Amino acid sequence: MALDAVLAVLVVGVAVWTVAARDTFAAVVGFVAFGLLVALIWVRLAAPDVALTEAALGSGLTGGLLLGASTRLGRTEAEATGELPGGLLQFAAATVSVLVSAGLIALVLLLPEPAPTLAPKVAANIAATGLQNPVTAVLMAYRAIDTLLEVMVLLLALVGMWSLAPDHLWGGAPGRREPADPDGVLTFVAQVLLPVGILVAIHIFWVGSVAPGGEFQGATIFAAMWILATMAGLANTPPVMRRSLRLLLIAGPAVFFAIGLAGFAIAGAFLAYPADYAKLLILIIEIPLTLSIATTLALLVAGPPEQEPQR
Amino acid sequence: MSLALDALTFLAVAAGGFFFLAGTVGLLRFPDTLSRLHALTKADNLGLGLIVLGLLFQMEDPFAALKLVAVWLLTLLAGGAVTQLIAHAALGGRSAGVTT
């Protein structure tokens, strides 16, 4: 109880500090700390699946993305902080924030007792999916369409970011080519951590059917290992025009969509699985999906193409 | 037997908590980056190590115990490496044979 109270106060404090920080870099550090505290709160709420996702994606990967953004903004930040938005705009933003917060508080306080839930139905029917982790069952079977759309959104985000590349760099490799330093600390870490990280990623992906874990968390660790390798200069990022890379990016969503369509023929509805093959089909979707998500996330962090394409 | 194990856990976790507290005080109070890094590594290495050691006495599943040790070893690796990188950056790219 005391721990929960401390966590609640801390998370609100860090949130206020993050919003109030004038320096972008400091705000990003605050955001990462905020994400880790939120992950702890999810653990306290007995939702380890959400906690894992929050720590890996919400705090870790998004934090990395924002750090990259703050580095890029560094040159223009001095001028940007000088221009404060007008009083009316500030007032409007504050009003919207207060209204949204009040609405959320009202919703939580006015929830009927007991709160409406589909959990008993999931528990009663989970055997049909062949999975034992109800969260994975919801993500891959009952609400598979949400997961499919999430993956599509990730791909769209990547295409949108690539389109920021200037014309003469289009098709080139993202980010700068980091020089390899065989005696560097980062090289050592990358060499030691890479095999361990890949093993952990496969483990997290694989236990998703019975325990907290799954394709998004595993893919984030894969992506982190890739980013580490490119940061240490052990490997260059692939040019975005490479066909095998494009195929890797769409393999997951394509297989997902194809099996979803096949559901019309074999189970009578979009994204429905026949009971006997549910687990197998989910696995066939999840393996390419994990690779596609990992590639998409790593390329999102790498940024738009910055190296001359080799023609 | 379980009382003795509980006592060992209590001692180790309390000692770990002490190192975290000392490391945090050092992080806040020490005058320059390198000293602050020094304080921080004590919290990571010794503090977490002692807490993991304390929890090991409570583990029944040897695989879960191995996972705890792996967490500590990975933190050692990451902490040591990040400390080196920050120290390098703090020295402005000069490598001055600093050990933390």
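The values are calculated or read from the model by the stated rules, or taken from the named source; none is laboratory data. Keep in mind that what you see is a predicted model, and the values were worked out from it rather than measured. Using ideal geometry, Cβ is built from the backbone for each residue, glycine included, and neighbour counts are taken over all protein chains shown.
Here are the numbers:
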quantity	calculated
Residues of the stretch A:204-227 satisfying the condition of being surrounded by fewer than 18 Cβ atoms within 10 Å (Cβ to Cβ) and within 29 Å of A:G184 (Cα to Cα)	none
Every residue from the stretch B:60-77 that is modelled with pLDDT under 90 and within 12 Å of the chain's Cα centre (by Cα)	none
Among the residues listed as A:I259, A:I221, the single one being closer than 21 Å to A:L155 by Cα and within 14 Å of chain B (Cβ to nearest Cβ)	A:I221
The stretch A:273-311, residues that are assigned to a loop (DSSP other than H, G, I, E, B) and of a type outside the set (S, T, Y)	A:P274, A:G303, A:P304, A:E306, A:Q307, A:E308, A:P309, A:Q310, A:R311
Count - residues of the stretch A:259-272 that are surrounded by 12 or more Cβ atoms within 10 Å (Cβ to Cβ), without any contact (Cβ under 8 Å) to a residue 24 or more places away in the chain and assigned to a helix (DSSP H, G or I)	4
Looking only at the stretch A:10-25, and only at residues there that are hydrophobic (A, V, I, L, M, F, W, C) and under 14 Å from A:L36 (Cα atoms), the one that is surrounded by the fewest Cβ atoms within 10 Å (Cβ to Cβ)	A:V12
Selection count where residues are away from every other protein chain (no Cβ under 14 Å) and within 18 Å of A:M231 (Cβ to Cβ), scope the stretch A:160-193	7
The stretch A:164-190, residues that are over 23 Å from A:L300 (Cα atoms) and within 25 Å of the chain's Cα centre (by Cα)	none
Hey, A:R44 among the basic types (K, R) and within 27 Å of A:I204 (Cβ to Cβ) or not	yes
Residue count for the stretch A:137-146, restricted to those that are in contact (Cβ under 8 Å) with a residue 24 or more places away in the chain and either of a type in the set (S, T, N, Q) or surrounded by fewer than 17 Cβ atoms within 10 Å (Cβ to Cβ) (or both)	1
Given (1) surrounded by fewer than 15 Cβ atoms within 10 Å (Cβ to Cβ); (2) more than 14 Å from every other protein chain (Cβ to nearest Cβ); (3) of a type in the set (A, V, I, L, M, F, W, C); (4) in contact with a helix residue (DSSP H, G or I) (Cβ under 9 Å, 6 or more places away or on another chain), index of the condition B:A22 fails	(1)
Residue match in the stretch A:81-99 (condition: surrounded by fewer than 10 Cβ atoms within 10 Å (Cβ to Cβ) and within 25 Å of the chain's Cα centre (by Cα))	no
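Conditions tested, residue by residue: (1) under 28 Å from A:Q191 (Cβ atoms); (2) more than 14 Å from every other protein chain (Cβ to nearest Cβ); (3) not aromatic (F, W, Y).
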site: B:L28; (1), (2), (3): no, yes, yes
site: B:G47; (1), (2), (3): yes, yes, yes
site: B:F63; (1), (2), (3): yes, no, no
site: B:A89; (1), (2), (3): yes, no, yes
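Matching residues to (1) more than 23 Å from A:P304 (Cα to Cα); (2) in the same structural domain as A:L65 (by TED's automatic domain parsing); (3) surrounded by fewer than 21 Cβ atoms within 10 Å (Cβ to Cβ); (4) touching a residue at least 40 places away in the same chain (Cβ under 8 Å):
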{"position": "A:V153", "(1), (2), (3), (4)": "no, no, yes, no"}
{"position": "A:H168", "(1), (2), (3), (4)": "no, no, yes, yes"}
{"position": "A:P182", "(1), (2), (3), (4)": "yes, no, yes, no"}
{"position": "A:G233", "(1), (2), (3), (4)": "no, no, yes, yes"}
